[in-house]
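The values are calculated or read from the model by the stated rules, or taken from the named source; none is laboratory data. Please read all numbers here as calculations on a predicted model, not as lab measurements. FYI the Cβ positions are ideal-geometry reconstructions off the backbone, even for glycines, and counts take in every protein chain you see. Protein only, heavy atoms only, side chains kept; ligands, DNA and RNA dropped before computing areas. Shrake-Rupley method; radii C 1.70, N 1.55, O 1.52, S 1.80 Å.
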Amino acid sequence: SMIDQKMIEQVNLRWRTTHAIDELNLPSTLAGVIAARIDRLDAKVKETLQIGSVIGRSFPYAVLARLVPDSARLDADLARLQEMALIFETRERGERQHIFKHILTQEAAYETLLLRRRRELHGQIARALQDYFGARVEDQIGLVAYHFARSDDALNAIDTSIRAGARALARYTPQEATRFFRIAWSRLEEEKIADDRRRLRVLIGLGDAESAGGESDAALAIWERAGESARALDDKEALAGLHRRMGLTMLAKGNVDSARKQYEFGLTGLPAELESRERAALDHELARLYFRIGDNANAIVWAQRALDLGKKLNADETIAQAYNTLGIAVARSGEIEKGIEFVEMSRAGALEHDLLGAACRAYANLGMLYAAVDHNKSIAYSNEGLTLAKRIGDLSYESLIQAALASNWCSLQGEWEQGLAAARASIELDRVLGQRSHLPVPLILLAQIYQCHRQFAESEKFYREAQAIAEEIGDPQLLFPIYDGLATLSLEKGNEAMAQSYLENSRRVAERAGYKGETLLVAPFLN
């Protein structure tokens, strides 16, 4: 500050006063000192610094040049700001960049702008960034959305926030996606924009983000609101997609009947002649539901329908998922190696098209299926899948894969401590996520591990907890091992009548579902 006011000067590497200094008036805070220095700048130099502060802590020369097109002036301004040590220059991938020497300098420069001017600059910078990024703009759409959100351009703020939210979902960052969709919704509400199409896009995205973040009840409520906009627009495809989303969520909660109704609502709402990606996706979800209730024949029929339509429409996600469901239904029908072949095709297709959630599901099922034929491959695939699930932050699939590891370690290798740890990790995740449809799986595994080690009281406790949920859900692949385990425990207690009763229950479950008992024992928990 004293240098700026020419109160001191440097001569021969030493500093000296230029005149007698009776008193030194400086603001009482560091931020005040910086603001005072900025206020003393030439008006044009100050404007350049302010524009840079709106761009961010660092700002590319090429972006700044789009707002200060006089290159001679811009270079002189930047040289002066560097001389004052407010900014410094660097190179990033060969491009000229400038960075504020301290975050407080950027904040002070930003605070000197009137609110109206800030909003103008944010809008101008958002457009400059779109031009600067060009074909790469979608990779940086979050930055563009950030600036539009702080501008007066409400429609661009909404549209780029929607795009940024979708991008965040594709990158498996649901919290970031939620933030962008909420920004878009706030602008719709604040500006009183009566646009059902935009409201629908925001609500669907916000529901997807909440669901991906584990907030299933919030997601259901948001999708219900989205349905109002879809009906107002008579958008049957969007409405079908909402029914599919709600069905998936209800199935995860263990409510099979409600899930089936949602899928059927979605399909009957689509015109019979319409071959669409949404129809293919709904066909697949019905196939998966049929598998869950033990109807393998219908699961195969609907999975094949989804696969055929998916291939016709190049719907990569549906193709990958349909191969997976087809594989586990075929395996559960007794053809394990053929089932593995289909699930391997699912894994390969999912990885090829960067469908990482679908890949995680394939890894989880391969972990279970290979347990019957190749233990080492089963463990390797489970570990690969677990690494991927953790990388993308998908706790749901992390739980499934932990269950696969638990099954392998305790039943095939005898590493019961590893089995216990994996089962408990799966249980904890299921409880946090509210995944009642999967929670019985690690509970059963924990019960089986304790049973193998003759800790019968602990074993029965976990079987009973799993039984209460499984009987409510009615999933045969859960009920069969529970009844089988409780029958064995009854024999240990010498209660043959109770054992016979449980064995009869397990026989009825297998018969009703068309299962072969040996198939269920070899590959028990497929998803």
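Key figures for this structure:
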read-out	value
Protein-only accessible surface order, largest first, of 7, 345 at 1.4 Å	345, 7
Computed accessible area, residue 51, all protein chains, 1.4 angstrom probe, square angstrom	10
Accessible carbon and sulfur surface of the chain relative to its total accessible area, %, 1.4 Å	49
Sparse-neighbourhood loop sites, GluC sites (Glu not before Pro) in region 92-198 - DSSP loop, at most 15 other Cβ within 10 angstrom	191
Helix-derived mean residue ellipticity, 222 nm - over the chain, DSSP H n ≥ 4, -39500 (n - 2.57), to 500	-24000 deg cm²/dmol
Hz values of 3J(HN,Hα) by residue in region 490-498 - Karplus curve (6.51, -1.76, 1.60), Gly and Pro given as x	5, 5, 4, 7, x, 9, 5, 5, 5
Mean separation of Cα contacts under 8 Å (6+ apart) over length of region 17-157, as relative contact order %	23
Hz values of 3J(HN,Hα) by residue in region 338-348 - Karplus curve (6.51, -1.76, 1.60), Gly and Pro given as x	5, x, 4, 4, 5, 5, 4, 5, 4, 4, 4
Relative contact order for region 1-78, counting Cα pairs under 8 Å that sit 6 or more residues apart, in percent	18
Residue 46 accessible area, assembled protein chains, probe 1.4 Å, Å²	40
Overall form of region 354-441 per C-alpha gyration tensor (a/c, 1.5; a/b vs b/c)	oblate
Restricting region 4-78 to GluC sites (Glu not before Pro) in coil, as DSSP defines it, with at most 11 other Cβ within 10 Å	23
Overall form of region 422-486 per C-alpha gyration tensor (a/c, 1.5; a/b vs b/c)	oblate
Violating pairs (Cα-Cα greater than 25 angstrom) within the set 338/377; 101/390; 236/390; 461/493; 253/312; 46/101	101/390; 236/390; 253/312
Net charge of Cβ neighbours under 9 Å - reference residue 18; Lys, Arg +1; Asp, Glu -1	+1
Region 143-148 - phi-based ³J(HN,Hα) in whole Hz, Karplus 6.51/-1.76/1.60, Gly and Pro as x	5, 4, 4, 4, 6, 4
Heavy-atom surface of the chain, accessible at 1.4 Å and reported per residue (Å²)	46
Estimated inter-spin distance, residue 275 and residue 120, nm [label 7 Å along Cα→Cβ]	5.6
Contact order normalised by residue count of region 165-263, Cα under 8 Å, 6+ apart, percent	20
